[in-house]
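Accompanying notes for the structure given below.
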Amino acid sequence: MIHVAAVILTDEAGKILICKRGEGGSCAFLWEFPGGKVEEGESAEQAAVRECKEELGLDITLGPAYASLDYSYPDKDIHFTFFNGRVTGGEMEVRVHEEACWVAPAEMKDYNFCPADVALVERLAWERQIELPVMPAMAASLIGALNEQGFEAWAVGGCVRDSLLGKDPKDWDLCTSARPDQVKECFAGTYKVLETGIQHGTVTVLAGTETYEITTYRAEGDYEDHRHPEEVTFVNSLEEDLARRDFTINAMAMGPDGTVIDPFGGQGDLKNGVLRCVGDPAQRFGEDALRILRLLRFASVLGFDIEEETLAAAHAKKSLLRWVSGERMAREMTQLLCGKAAHRVAAENGEVLAYVMPEIEPALTFTQKRGGAEQNLWQHAADTLAYAPDIPEVRWAMLLRDIGKPWCRETLKEGDSTFEGHAEVSAQLADCIMRRLKVDRNSRETVCQLIRFHGIRPATGDVSVRRWLNLLGPRQVNSLVHIWWADVSSHHAKGENLKAFEKTLADTIKNAGCYATDQLAVTGGNLLTAGLAKPGPSMSNMLDWLLHEVVEGRVENTREALLAKAREWQE
């Protein structure tokens, strides 16, 4: 167990100091509270004071311990002690982190924190009473208009959940006791109303550039296809409407004055970071199998734990995922993989994900030797997600990059194994997965390309960087660097060669280094004018050759040097 001391430094305006981790280590580019490891022979208080001085140049004074918690990363267990503190002297100098800044508590929701710090951020949000987003005036106006006609109306579902988490909801969905025709009549002549889902009680109100879905309170019949109810019945009870929803955190309603209707304990589950089905979990998942992936997605994105009965039911009902379309599963999977707790959720739910991606099933029980110790392949793949930035293609590639190993193992006399060709096999399996899920072609090809090259460690130097840029382009090379760093970090290596490569890469891109034909200092027109080439394949071949010579460092990218080189080609 590693012991870490951290400080919640607060200034006179009530803002809190947070720091952004840099490239290369664990949790790259995520935010955290200042602090660090408690060294042998020092107390947590002494470590907190020392770390703030060494990392930020700040003298601080500590209050009493604010909180303590344990968190398990894929490669280590950490015990955190958090202190309240204030700055008493020194000029802030960011020496270790990428950056540091003071933020108001209400702004903390806009920053991506290290997984271990998330629970503390949420506690601060509740205890310091972060101002909740105000319901948009138009949503409140629509509710008011329905109320004036004698109907109940509330904001409901995800917008209430996000508001209570201190986030700005993207959409505000409303529910009402009014029937669809009554909703249409209420807003006739005021707003355009679309019958977007009137058979299920939903109409959409167009209010300027904003759209609001308004759904009549309803109960649902049997789900014969495990996705959609065969029929819906309009009801007059808000609680009955909330009872049909998936999870307690989504089964709350809110009025314009902030009143929250919460019959199933959603607020408590939000505060405790728990995902729990409304009612019988097996029934909820049997009604709509997509809820199984939604559960895992929420666990990953919010960093919440899954209540025991809910998790057991999700695993028991996993075979129902065959009823869910590939597109819907792909959207849920991408959001899951980009969540703050993706590594934990993927590691703990491989058997469920194997119903989405049968190609991963052999990896769930496959072991390989790492540093003399046996290591589960799927566990390792999931663990490395914690070290990768939340770029969809990067996260997909990290998860699938080694799934071809079970087909490529060759055991040596010494008992060790090699996996020659596993990158290509993994890329082919990933291609099958993403085609079946109907992932867009660009994303699919990007992921497969990253997988094919993930195991090649780059040489340092200008030529190596230009070769990679010429082969893949800047965006893809940067994504590959993220994958290399995640792999290096998961093995606790320093990655000195990778640091050098990354610096040269940044310098080459910044200084407009030449790695593509359109960056050459000569054009086809220049070659034509100089009588060195004719339009057609010969000109294209000459430009490609000149680019190759520039990339390899055999000629400078100047007009004079390239024209001279072109004459050599002609000769």
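Each value in this text was obtained by applying a stated rule to the coordinates, not by laboratory testing. This is a predicted model, so every value here is computed, not measured. Glycine also receives a Cβ, built like all others from the backbone with ideal geometry; neighbour counts cover every protein chain displayed.
Out of the trypsin sites (Lys or Arg not before Pro) in region 155-259, which ones are loop residues according to DSSP with at most 11 other C-beta atoms within 10 Å?
Lys170
In whole Å, what is the distance between the alpha-carbon centres of region 309-332 and region 398-460?
Each part's Cα centre sits 25 Å from the other's.
Going by the alpha-carbon gyration tensor, a ≥ b ≥ c the square roots of its eigenvalues, is region 22-171 rounded (a/c under 1.5) or, if a/c is not under 1.5, prolate (a/b greater than b/c) versus oblate?
prolate
Note the full-extension length gain between Arg409 and Glu39 as 0.36 nm times their separation in residues minus their Cα-Cα distance, in nm to one decimal.
Residue separation times 0.36 nm, minus the Cα-Cα distance, leaves 129.0 nm.
Could you work out the relative contact order of the chain? I mean the mean sequence separation of Cα pairs under 8 Å and 6+ apart, divided by the number of residues, in percent.
8
Helix 326-337: angle to the longest alpha-carbon principal axis of the chain, degrees 0 to 90, nearest 10?
80
Determine which residues of region 440-474 fall in the zone a paramagnetic label at Gln375 would reach in this model, i.e. backbone nitrogen under 19 Å from the point 7 Å along Cα→Cβ.
451-458
Rounded, prolate or oblate: which fits region 274-356, taking a ≥ b ≥ c as square roots of the Cα gyration tensor eigenvalues, rounded meaning a/c under 1.5, else prolate when a/b beats b/c?
oblate
Students often forget the sequence filter, so: which lysines lie under 18 Å Cα-Cα from Lys565 once same-chain residues fewer than 8 apart are removed?
Lys534
Under a plain spin-label model, where a point goes 7 Å from the Cα along Cα-to-Cβ, how far apart in nm are Glu210 and Asp168?
1.3
Please work out the FRET efficiency for the pair Thr517 and Arg328, using the Cβ-Cβ distance as r and a Förster radius of 60 Å; give the result to the nearest 0.05.
0.90
Using only DSSP helix segments of four residues or longer, with each worth -39500 (n - 2.57), what per-residue ellipticity at 222 nm results for the chain after dividing by its residue count and rounding to 500?
Helix contribution divided over all residues of the chain: -12500 deg cm²/dmol.
Quick check for you: which residues of region 526-558 have the amide N under 14 Å from the point 7 Å beyond the Cα of Gln570 toward its beta carbon?
Only 526-535, 539, 542-543 fall inside the zone, counting backbone N under 14 Å.
Using only Cα atoms, tell me the angle between helix 496-510 and the longest principal axis of the chain; keep it within 0 to 90° and round to the nearest 10.
90
Please sort by residue number the GluC sites (Glu not before Pro) in region 131-197 whose DSSP state is loop and whose Cβ has at most 12 other Cβ atoms within 10 Å.
The qualifying sites are Glu131.
What label, among (1) 3, 14, 20, 22, 19, 13, 7, 2, 0, 0; (2) 3, 16, 24, 23, 15, 8, 6, 4, 1, 0; (3) 4, 17, 26, 27, 20, 6, 0, belongs to P(r) over Cα pairs in 10 Å bins from 0, in percent computed from the structure on display?
The calculated read-out lines up with (1).
Given labels modelled 7 Å from the Cα in the Cβ direction, how far is it in nm from Glu195 to His97?
Those two pseudo-labels are separated by 5.6 nm.
Past 24 Å, Cα to Cα, is the threshold; run Lys76/Lys405; Lys37/Lys340; Lys340/Lys510; Lys109/Lys340; Lys318/Lys438 against it and keep the listed order.
Exceeds cut-off: Lys76/Lys405; Lys340/Lys510.
Which of the trypsin sites (Lys or Arg not before Pro) across region 492-571 are loop residues per DSSP, with 14 or fewer other Cβ within 10 Å?
Passing both the DSSP loop test and the Cβ count: Lys494, Arg554.
Rounded to the nearest 10 degrees, what's the angle between the helix 290-302 long axis and the longest principal axis of the chain, both from Cα atoms, 0 to 90?
70
Quick query: amide H of His3 versus all other amide H atoms, modeled in the peptide plane; which residues come in under 5 Å with a sequence gap of 5 or more or a different chain?
Here the answer is Val38, His79, since their amide H atoms fall under 5 Å of that of His3.
I'd like the antiparallel share, as a percent to the nearest 5, of DSSP beta bridges with both residues in the chain.
80
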